[in-house]
1. In the chain, what % of DSSP beta bridges are antiparallel (nearest 5)?
2. Per residue and in Å³, how big is the convex hull formed by the alpha-carbon atoms of the stretch 29-141?
3. From the mean inverse distance of alpha carbon pairs (Kirkwood) and the Cα radius of gyration, derive Rg over Rh for the chain.
4. Over the chain, calculate the relative contact order: mean separation of alpha carbon pairs under 8 Å at least 6 apart, over the residue count, as a percent.
5. Taking 8 Å as the Cα distance limit and 6 or more residues as the minimum spacing, I'd like the relative contact order of the stretch 69-116 as a percentage.
6. Taking a ≥ b ≥ c as the square roots of the Cα gyration tensor eigenvalues, with a/c under 1.5 meaning rounded and otherwise prolate when a/b beats b/c, else oblate, which class fits the stretch 265-376?
7. Using a Cα-Cα cut-off of under 17 Å, which aspartates and glutamates could be cross-linked to Lys270, ignoring same-chain neighbours fewer than 8 residues away?
8. Give me the distance in nm between label points sitting 7 Å out from Cα along the Cα-to-Cβ direction at Ala344 and Asp72, one decimal.
Amino acid sequence: MKRKFLLFGATGSIGDSTLDILRQHPEDFELAGFSWHNNADKAAALQNEFKGAQSFSTNAANAAAETERLLDLAHDFVIVAIVGAAGVHTTLAAAKRGSTILLANKESLVIAGDLVNAVVAQNNARILPVDSEHSSLYRLLSPAAGSAQPNAEWRRVRRAYLTASGGPLLHVHGEAFYNASKALVLKHPTWVMGQKITVDSAGLTNKALEIIEAHYLFRLPYEKIQAVIHPQSYVHALLEASDGTVTQHVSHPDMRYPIAFAMYHPEDPKVCVTDRPPASYPAFEFMPVDEAKFRSYALGRRAGIQGKYFPAVYNAANEAAVAAFLDDNIRFGEISELIEAALAAKYDEWDITSLDGLISYDNAARALVQKRVMRT
Ligand code: NAD
Ligand code: MG
């Protein structure tokens, strides 16, 4: 039986990798529906290729109703590959349906981790990680695919490490780091990804978002989650056992590994990437994160520990600042300054147990950043 799925955010980088797996294994999967935002040409080409799939643009006024229309279609899983805070509505809508959610949109958990987890639990929905580090952690915790609930296994774990490549600015310091050009920031050394996550990776904001994501995905306390720089991006996660020994999960950096793992789960994934034998691997290096240099990483980690509305503010301020950087309105180093200002600001009190309340913090943080950007 083919597994039917819905792909929200089909026209992006995760969408590309997902559809490549489908093209390689049409005997296993069927695209029942997809969403896109602005890229009408690409959406039309996909519609032409996957003729039976229903589709819509999330840029239209009736996007919420269209999301529900797609969720009405028979499906085995939903992939949320939308970028940014916009993805949280789709994640929650799918969770309310009790769907199995293959979650690439880490921002959903950063903004509303408790809420998403509660809705998932109430509706017997399920989240499978797509982010490579989290997929690797999941695999390290579940030796036979699907056999273990990760949560139950955490007592045995002393520490979990998420690797970070360090991005294109790993060896760029001081003024050169602060003033790094857009061309340099967007030149990721190991991963090919959308623009927003690529900028996030250059400042290690992405790793802070992923630490918060790991906290909510695996109910893992923050003191047990660490990041480690690993420039080669072959090791995606490491687990330290009670005796200090470490298990690591390794692959060539290619998102089709974690995506295929989640799409085939709980069956073993088929081959979707050209074989790379270990003898072809580069030498692996590991080094600590320089928190003084990667200021937005430190801010994000602290926002996660503070909890409440802080992760939502962190995420929104970052999105607004990254957009300003991509529009050539601020320098790279200003991203973390703007995030810091947004985290330090006083806000009205909104209900952090509701999405509306969290979105109010998100809106307020964005407005604060945008106002500051206009002044510069
Ligand atoms: P991308 O920019 O390449 O694609 C984003 C997708 O989201 C597009 O299909 C676009 O149409 C859609 N979109 C944009 N704005 C939207 C909006 N306001 N409402 C609804 N849809 C909108 O991004 P990506 O690199 O594919 O990343 C997608 C998500 O996956 C992000 O949350 C990212 O952090 C996560 N992720 C990506 C990678 C990767 O390798 N690309 C790895 C791990 C996690
Ligand atoms: Mg990742």
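Where a number appears in this text, it was derived from the coordinates with a stated rule and is not lab data. Owing to the predicted nature of the structure, the values given are computational and were not obtained by experimental measurement. No Cβ is skipped: glycine too gets one built from the backbone with ideal geometry, and neighbour counts run over all protein chains shown.
1. Details: 11 of 37 bridges.
Roughly 30 percent of the beta bridges in the chain run antiparallel, per DSSP.
2. On the way: hull volume 13.2 nm³, N = 113.
It comes to 116 Å³ per residue, whole-number rounded.
3. For the chain, the value is 0.94.
4. Details: 671 pairs, mean separation 57.7, N = 376.
Computed over the chain, the figure is 15 percent.
5. On the way: 60 pairs, mean separation 19.8, N = 48.
Taking the mean separation of contacting Cα pairs over the length of the stretch 69-116, I get 41 percent.
6. Numbers: a/c = 2.26, a/b = 1.66, b/c = 1.36.
Prolate.
7. Output for Lys270: Asp20, Glu27, Asp28, Glu30, Asp254.
8. 5.1 nm
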